[in-house]
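One structure is given here, and the rest of the page talks about it.
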Amino acid sequence: MAFARELAAISQRFHDRSWVLGTSGNFSAVLRRSPLRLAITASARDKARLRAADILQVDERGKVIGRSSLHPSAETLLHVEIVRRRGAGAVLHTHSVWSTLLSDMYAPSGGLEISGYEMLKGLSAVTSHEHREWVPIVDNDQDMDRLARRIGEALERRPDAHGILLRRHGLYTWGDTLADAARHVEILEFLFEVVGRSASLGLREVNHGTPENP
C-alpha cells in the first residue's frame, strides 16, 4: 500500500515528539470510499519501530482484508466513524502528556475552548487568531461500538470541530489528506501544551464554559 510507508514515517516523527510512546496511538488513511477501505496500524506495535508491514487494510466493519497474523488497532471502529462523519481522508490518534492531562482537567465542562492564538490558523478553514476552537471531550470506554456512537454524537453536535479528546486517553484528529491530518496533530498538540503550561503558571485563564454558553 502506498500509504504504508507514509504512516510508518508519521509514527516515527510523532514518537520522536513523545506523542505516541510505546504501543500507544493509531493511524489510518482512506484507500477507497465505496466500499470503504482503510489502511490502519496493527495493534500492539511499538510506534518507534513501526514498519510498512505493520499497516493493514480493513473494511467498513474493521475486518482485515486478506491474510495476516496481525490484528488491526482495537480502535479501528473509531476511525471508521470519524471518516464517515467528516468525510476525512486520514485519521490520527496521539497519546501526549498534555492532551491526556487536559482531557481529564476539562472533562466536567464537556470540552476545551482555545482562542486567541496565531497557531489556530493552521487548522483547516481557520483564518484568524480570534477563532474559538471547541475541542469536545468524551469519556473513554472499552466498548468500541458504544464509544464510536458517542464520538459520532459529539461530532454531530460540533460540526466545526477539528479534533476530539478522549478522557485520560488522548487526541483524535483528521484531515482531507494525510498531510492535513498530520498538520492538525502538530497544531493541536502545540496548543494543548501552551494551554496547559499557561494554566500551570497562572498566565492565562482557560474558558470553562460549554460550547453553547462559552
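When you check Ser128 against the structure, is it closer than 27 Å to Ser18 by Cβ and at pLDDT 95 or above, yes or no? Lay out the reasoning, then the answer.
Working: closer than 27 Å to Ser18 by Cβ: no; at pLDDT 95 or above: yes.
Against the criterion (closer than 27 Å to Ser18 by Cβ and at pLDDT 95 or above), Ser128 does not qualify.
Kindly list the number of the only condition in (1) farther than 30 Å from Ala4 by Cβ; (2) in a strand (DSSP E or B); (3) in contact with a Gly (Cβ under 8 Å, 6 or more places away or on another chain) that fails for Glu133. Every condition holds for Glu133 apart from (3).
Flag set for Leu31, criterion: closer than 23 Å to Ser124 by Cα, touching a Phe, Trp or Tyr at 6+ places or on another chain (Cβ under 8 Å), hydrophobic (A, V, I, L, M, F, W, C) and surrounded by fewer than 19 Cβ atoms within 10 Å (Cβ to Cβ).
Filter the stretch 25-42 for residues that are of a type outside the set (Lys, Arg), out of contact with any Gly (no Cβ under 9 Å at 6 or more places or on another chain) and within 12 Å of Ala90 (Cα to Cα) and give the result. Spell out how you get there, then give the answer.
If we filter the stretch 25-42 for residues that are of a type outside the set (Lys, Arg), which is where we start, we get 25-31, 34-36, 38-42.
With the extra rule that they be out of contact with any Gly (no Cβ under 9 Å at 6 or more places or on another chain), the set shrinks to 26-28, 31, 34-36, 39, 42.
Within the stretch 25-42, Asn26, Phe27, Ser28, Leu31, Ala39 meet the criteria.
I'd like the full set of residues that are over 22 Å from Ala179 (Cβ atoms), free of Cβ contacts under 8 Å to residues at least 12 places away in the same chain and not acidic (Asp, Glu), limited to the stretch 123-148. Give the derivation first.
Kept after step one, since they are over 22 Å from Ala179 (Cβ atoms), are these residues of the stretch 123-148: 128-130, 132, 134, 136-148.
Then keep just the ones that are free of Cβ contacts under 8 Å to residues at least 12 places away in the same chain; that gives 128, 141-143, 146.
Ser128, Gln142, Arg146 - these are the residues of the stretch 123-148 that are over 22 Å from Ala179 (Cβ atoms), free of Cβ contacts under 8 Å to residues at least 12 places away in the same chain and not acidic (Asp, Glu).
Which condition from (1) at positive phi; (2) within 13 Å of the chain's Cα centre (by Cα) is the one that Arg168 breaks? Every condition holds for Arg168 apart from (2).
Here the stretch 152-203 is the region considered, the condition is being touching a Gly at 6+ places or on another chain (Cβ under 7 Å) and not in a helix (DSSP H, G or I), and the residue that is surrounded by the most Cβ atoms within 10 Å (Cβ to Cβ) is Thr173. You will find that of Leu92, Leu147, the residue that is closer than 23 Å to Trp19 by Cα and out of contact with any strand residue (DSSP E or B) (no Cβ under 7 Å at 6 or more places or on another chain) is Leu147 and no other.
If you take the residues in the stretch 59-91 that are among the aliphatic types (A, V, I, L, M) and touching a Ser or Thr at 6+ places or on another chain (Cβ under 6 Å), which one is surrounded by the fewest Cβ atoms within 10 Å (Cβ to Cβ)? Don't jump to the end; show me each part of the working.
Step one: of the stretch 59-91, the residues among the aliphatic types (A, V, I, L, M) are 64-65, 70, 74, 77-78, 80, 82-83, 88, 90-91.
Adding the requirement that they be touching a Ser or Thr at 6+ places or on another chain (Cβ under 6 Å) leaves 74, 91.
Working: Ala74: 13, Val91: 26.
In this case the residue turns out to be Ala74.
If the condition is being within 15 Å of the chain's Cα centre (by Cα) and buried (at least 19 other Cβ atoms within 10 Å of the Cβ), then the stretch 1-28 contributes Leu7, Ile10, Ser11, Phe14, His15, Trp19, Val20, Gly25, Asn26, Phe27, Ser28. Those residues that are charged (D, E, K, R) and either under 29 Å from Asp16 (Cβ atoms) or over 17 Å from the mean Cα position of the chain (by Cα) (or both), I need them from the stretch 95-125; list them, please. Hits for the stretch 95-125 are Asp104, Glu118, Lys121. Restricting the first member to the stretch 100-122 and to residues that are more than 18 Å from Ala154 (Cα to Cα) and in contact (Cβ under 8 Å) with a residue 60 or more places away in the chain, and the second to residues that are in a helix (DSSP H, G or I) and β-branched (Val, Ile, Thr), the beta-carbon pairs closer than 8 Å and six or more apart or on different chains are Tyr117/Val194; Met119/Ile187; Met119/Val194; Leu120/Ile187; Gly122/Ile187.
In summary, Leu56 fulfils each of the numbered conditions (1) under 25 Å from Gln12 (Cβ atoms); (2) within 15 Å of the chain's Cα centre (by Cα); (3) surrounded by 23 or more Cβ atoms within 10 Å (Cβ to Cβ) with the single exception of condition (2).
The values are calculated or read from the model by the stated rules, or taken from the named source; none is laboratory data. Here the structure is a predicted model, which means the values were calculated and not measured. So basically every Cβ, Gly included, is an ideal-geometry build from the backbone, and we count neighbours across all protein chains shown.
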